[in-house]
Amino acid sequence: MSTRTTLITGIGSLVTNDPGQGAGPLGLLTDAAVVLDGDTVAWVGPAAQAPAADERFDAEGRALLPGFVDSHAHLVFAGDRTAEFNARMSGQSYSAGGIRTTVAATRAASDAELEANLAGFVREALRQGTTTIECKSGYGLTVEDEARALRIAAQYTPETTYLGAHIVAPEYAEDPAGYVDLVTGEMLDACAPHARWVDVFCEKGAFDGDQARAVLTAGIERGLTPRVHANQLTYGPGVQLAVELGAASADHCTHLTDEDVAALAGSATVATLLPGAEFSTRAEYPSGRRLLDAGAVVALSTDCNPGSSFTSSMAFCIAVAVREMGMTPDEAVWAATAGGAHALRRTDVGTIAVGARADLLLLDAPSHVHLAYRPGVPLTAAVWRAGVREV
Ligand code: NIG
Ligand code: FE
């Protein structure tokens with residue numbers, strides 16, 4: 001049985017992220033059309049040559065781009081940290097210690113509460129054009145609480161990440177080695193069936209290079225692929241470790257030596273930048289320009305979490321990356337779509353090409369540049385996820 005086809009025509013400006021299809025790295029087409037067949041893109045080209053379809057949607061000259069791919073988020077938690085944010089904006093500095101507040105609230109929450117929170121954030125992100133979202137554990141820090149976080153997350157996304165090594169669980173404050181044993185042993189056994197990725201917060205106050213290596217190696221042995229919270233608050237070994245272990249992504253990349261930049265540029269590890277974190281901790285931004293000039297692949301993500309970056313807005317991240325991180329609007333839009341797909345090693349999302357998943361964001365604007373040019377303005381006109389009109 002054939003599926004229903006939809007013709008989206010009248011697209012003023014189309015970002016395909018397929019240089020074979022249009023101009024520049026974004027593969028830009030003007031006066032374009034796209035045909036969806038069920039959950040898949042079936043045709044892309046000039047509107048004048050578009051084939052007929054069962055249904056027709058007139059984009060009225062607006063811009064269409066791939067749905068955002070948010071490759072870094074922490075969405076299974078309870079409570080918030082308004083007071084901590086308030087204190088920070090009055091001069092206090094951010095530290096990994098605040099994570100404990102959310103761990104306590106998350107442990108105390110029911111499954112239903114955690115799931116309702118997660119569903120709300122996924123919906124909130126979707127309304128803003130995010131059609132693929134990664135989700136980490138890391139606010140449970142017991143065998144049961146980490147496994148349940150991933151079980152719940154797996155109902156909403158295939159991009160689930162085991163982050164038992166977020167911080168040392170409070171019960172193990174005097175025995176960090178014992179906690180690493182738990183994370184690489186019993187907790188990993190319980191979590192691996194629900195996770196695609198393994199992550200570690202490699203940072204002062206969290207896990208050092210040796211501990212991070214132990215966590216990632218154990219995950220790899222269980223079939224998980226590594227990604228690393230690296231070089232966020234201080235210089236450190238996280239980026240080099242990520243590259244050495246073939247991680248899909250090194251995330252944050254705020255404090256980088258020239259050697260770190262060169263290592264990323266010479267590797268398949270994506271540098272994922274999370275400007276929401278620097279924004280919300282009043283810290284210095286990472287340099288997208290430096291990484292791009294060196295030849296690294298750069299992704300942008302929200303890092304949505306209640307402590308360091310409580311935003312689900314990829315458009316906000318694009319605007320900040322352009323204003324503060326030396327990226328052009330084209331580079332930032334690529335990083336928030338195709339870059340995220342690279343960071344998740346996905347070829348079916350982050351692009352509008354024949355055979356790709358039909359994940360599309362129609363803007364209330366004539367060009368993708370407006371995402372940076374009109375900061376803070378809600379520009380979502382329509383969103384399709386796997387061919388279904390969701391917004
Ligand atoms: O990516 N860096 C570690 N984890 C989060 C912060 C989590 C929190 O503060 O609750 C981050 O910024
Ligand atoms: Fe994070």
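The values are calculated or read from the model by the stated rules, or taken from the named source; none is laboratory data. Every value quoted in this text rests on a predicted model; they were computed, and no experiment measured them. Here Cβ is always computed from backbone atoms with ideal geometry, including for glycine, and neighbour counts include all displayed protein chains.
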Taking region 345-362 and keeping only residues that are in a strand (DSSP E or B) and either polar (S, T, N, Q) or free of Cβ contacts under 8 Å to residues at least 40 places away in the same chain (or both), one is left with none
Identify the residue in region 1-17 that is touching a helix residue (DSSP H, G or I) at 6+ places or on another chain (Cβ under 9 Å) and in a loop (DSSP other than H, G, I, E, B) and, among all such residues, is surrounded by the fewest Cβ atoms within 10 Å (Cβ to Cβ). Asn17
Does Thr82 satisfy the criteria of being over 24 Å from Met187 (Cβ atoms), in the same structural domain as Pro158 (by TED's automatic domain parsing) and under 21 Å from the mean Cα position of the chain (by Cα)? no
Just to be sure I understand the filter: pairs with C-beta atoms under 6 Å, separated by 6 or more residues or on different chains, first member in region 363-390 and farther than 13 Å from Met314 by Cα and of a type in the set (Val, Ile, Thr), second member surrounded by fewer than 18 Cβ atoms within 10 Å (Cβ to Cβ) and modelled with pLDDT of 95 or more. Which pairs pass? Val383/Glu390; Val383/Val391
Please enumerate the residues belonging to region 220-240 that are without any contact (Cβ under 8 Å) to a residue 40 or more places away in the chain, surrounded by fewer than 24 Cβ atoms within 10 Å (Cβ to Cβ) and within 16 Å of ligand 2 (Cβ to nearest atom). Thr234, Gly236
Could you name every one of the helices (runs of 4 or more DSSP H) located completely within region 290-344 that has at least 1 residues being more than 14 Å from ligand 1 (Cβ to nearest atom), surrounded by fewer than 24 Cβ atoms within 10 Å (Cβ to Cβ) and more than 13 Å from the chain's Cα centre (by Cα)? 314-324, 329-334
Pick from region 241-254 the residues that are part of a loop (DSSP other than H, G, I, E, B) and within 15 Å of ligand 2 (Cβ to nearest atom): which of them is farthest from Thr160 (Cα to Cα)? Thr254
For a quick check of your reading of the model, give me the residue pairs whose first member lies in region 136-163 and is not assigned by TED's automatic domain parsing to the domain that holds Val103, whose second is surrounded by fewer than 24 Cβ atoms within 10 Å (Cβ to Cβ) and assigned to a loop (DSSP other than H, G, I, E, B), with beta-carbon atoms closer than 9 Å and at least 6 apart or on different chains. none
Across region 161-214, the tally of residues that are touching a Pro at 6+ places or on another chain (Cβ under 7 Å) and either among the aliphatic types (A, V, I, L, M) or surrounded by fewer than 13 Cβ atoms within 10 Å (Cβ to Cβ) (or both) stands at 2
Looking only at region 18-39, how many residues end up being under 22 Å from Gly339 (Cα atoms) and in a loop (DSSP other than H, G, I, E, B)? 10
Tally up the residues in region 204-235 that are within 13 Å of ligand 1 (Cβ to nearest atom) and on the phi > 0 side of the Ramachandran plot, please. 2
Restricting region 77-102 to residues that are more than 13 Å from ligand 2 (Cβ to nearest atom) and of a type in the set (Val, Ile, Thr), which is nearest to Val383 (Cα to Cα)? Thr82
From the list Ser301, Ser309, Ser267, exactly one residue is among the small types (Gly, Ala, Ser), within 16 Å of ligand 2 (Cβ to nearest atom) and more than 14 Å from Trp334 (Cβ to Cβ). Which is it? Ser309
Does Gly61 meet the test of being at pLDDT 95 or above, assigned to a strand (DSSP E or B), over 30 Å from Ala154 (Cβ atoms) and not aliphatic (A, V, I, L, M)? no
Kindly provide the set of residues from region 103-116 that are of a type in the set (S, T, N, Q) and either at positive phi or within 16 Å of ligand 2 (Cβ to nearest atom) (or both), ordered by number. Thr106
Taking region 288-307 and keeping only residues that are closer than 13 Å to Pro275 by Cβ, touching a His at 6+ places or on another chain (Cβ under 9 Å) and of a type in the set (Gly, Ala, Ser), one is left with Ala299, Ser301
